[in-house]
Amino acid sequence: MTMIKAVRIYETGGPGVMKVEDYDLPNPAPGEVRIRHAAIGLNFIDTYQRSGLYPVNLPCGLGLEAAGIVEELGSGVMNLKPGDRVAYGTGPQGAYAEAHNVHSSRVVKLPDAIDDKTAAAMMLKGMTAQYLLRQTYRVKSGETILIHAAAGGVGLIVCQWAKHLGATVIGTAGSEEKAALAKAHGADHVILYRNEDVAARVKEITEGAGVPVVYDAVGKDTWETSLKCLAARGYMVSYGNASGPVGKVDLLSLMPGSFYVTRPTLFHYTMTPEELLNTASDLFDVVSSGAVKIEVNQTYALDDVVNAHKDLEGRKTTGSSVLIP
């Protein structure tokens, strides 16, 4: 056992249900490693699990990604050693802590060019951007795409990466400040969704054609608008629920353009160690080359996790946020 500080919840609800307390972390099980965290990623999925939108087994920890140093090995671990700099982005849940036990098959070594804060801020969001752009719908040079919440953590990465691929990027944002941030990170056009008709502007920009893919992490509030932005046989990629979950989908609503709809998650694109490594390696390459810059715009102490969640849910954050244990 190792005594650590960790965030725990005993009931689901608002940010106030999170408690920072002393916790006895067991020794790593066979196949696991104990990672001493240097930085911890903050993501919207954490708020879904805390609120009860995504079911969790209580009591439990929160958080799915972090970066740090391998401190101890469970039996049978061959691919890592104590002292290795590593990161993970697909859980297990419980990253909001000074240390965490993670199966070695879910951990990747970090290149020297990527620091701990950057790694913790980019694993989940960056690998999400990778599967969105390179697997769910493979964006090609010359295409025009739409990304909602373009100034968010995934949004800023998608804007840069899509621009690197030669795409024209349309983003949406809620303020002039966020629009400027998205433009500074590769967005060619940013639509202020509170002031403009998003679908009408997309059709104007694309000369009536619409876009072949919409990447939508907002959910309920943007569902119908997103469908109106699509070209015939376009892909509606709904990968988040920032405004709440999309309700029941009427299949007839897809008929006007023979649209494709998918609700992907990172886990299903990184199910095997090989898939995880390939996805992470692609991300490391674009970040190390400078084609994609990871913006860590908010840093919170682990003890300040309640305010961190309030800021995230209040859409007060831009780019990525990290907790420092």
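General observations
Here's the yes/no breakdown for (1) at pLDDT 95 or above; (2) part of a helix (DSSP H, G or I); (3) buried (at least 18 other Cβ atoms within 10 Å of the Cβ); (4) within 22 Å of the chain's Cα centre (by Cα):
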| site | (1), (2), (3), (4) |
| --- | --- |
| Ala200 | yes, yes, no, no |
| Glu204 | yes, yes, no, no |
| Gly208 | yes, no, no, no |
| Met236 | yes, no, yes, yes |
| Ala242 | no, no, yes, yes |
| Leu252 | no, yes, no, no |
| Phe267 | no, yes, no, yes |
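- Yes/no for Ala180 being among the small types (Gly, Ala, Ser) and either within 18 Å of the chain's Cα centre (by Cα) or not in a helix (DSSP H, G or I) (or both): no
- Leu124 within 19 Å of the chain's Cα centre (by Cα), of a type outside the set (Phe, Trp, Tyr), assigned to a helix (DSSP H, G or I) and modelled with pLDDT under 95: yes
- Reported count of residues in region 299-320, each being at pLDDT below 95 and either assigned to a loop (DSSP other than H, G, I, E, B) or under 13 Å from Ala120 (Cα atoms) (or both), is 7.
- Single residue of Gly91, Gly152, Gly171 found to be surrounded by 24 or more Cβ atoms within 10 Å (Cβ to Cβ) and in contact with a helix residue (DSSP H, G or I) (Cβ under 8 Å, 6 or more places away or on another chain): Gly171
- Consider region 63-88 and keep the residues that are assigned to a loop (DSSP other than H, G, I, E, B), touching a Gly at 6+ places or on another chain (Cβ under 7 Å) and of a type in the set (A, V, I, L, M). The one that is surrounded by the most Cβ atoms within 10 Å (Cβ to Cβ) is Leu64.
- Here the condition is being of a type in the set (Ser, Thr, Tyr), assigned to a loop (DSSP other than H, G, I, E, B) and touching a helix residue (DSSP H, G or I) at 6+ places or on another chain (Cβ under 6 Å); of Tyr131, Tyr54, it holds for Tyr54 alone.
- Every listed requirement among (1) outside the structural domain of Glu295 (by TED's automatic domain parsing); (2) modelled with pLDDT of 95 or more; (3) not hydroxyl-bearing (Ser, Thr, Tyr) is met by Ala151 save one, (2).
The values are calculated or read from the model by the stated rules, or taken from the named source; none is laboratory data. Not measured: the values here are computed from a predicted model. Every residue, glycine among them, receives a Cβ derived from its backbone with ideal geometry; neighbour counts consider all protein chains shown.
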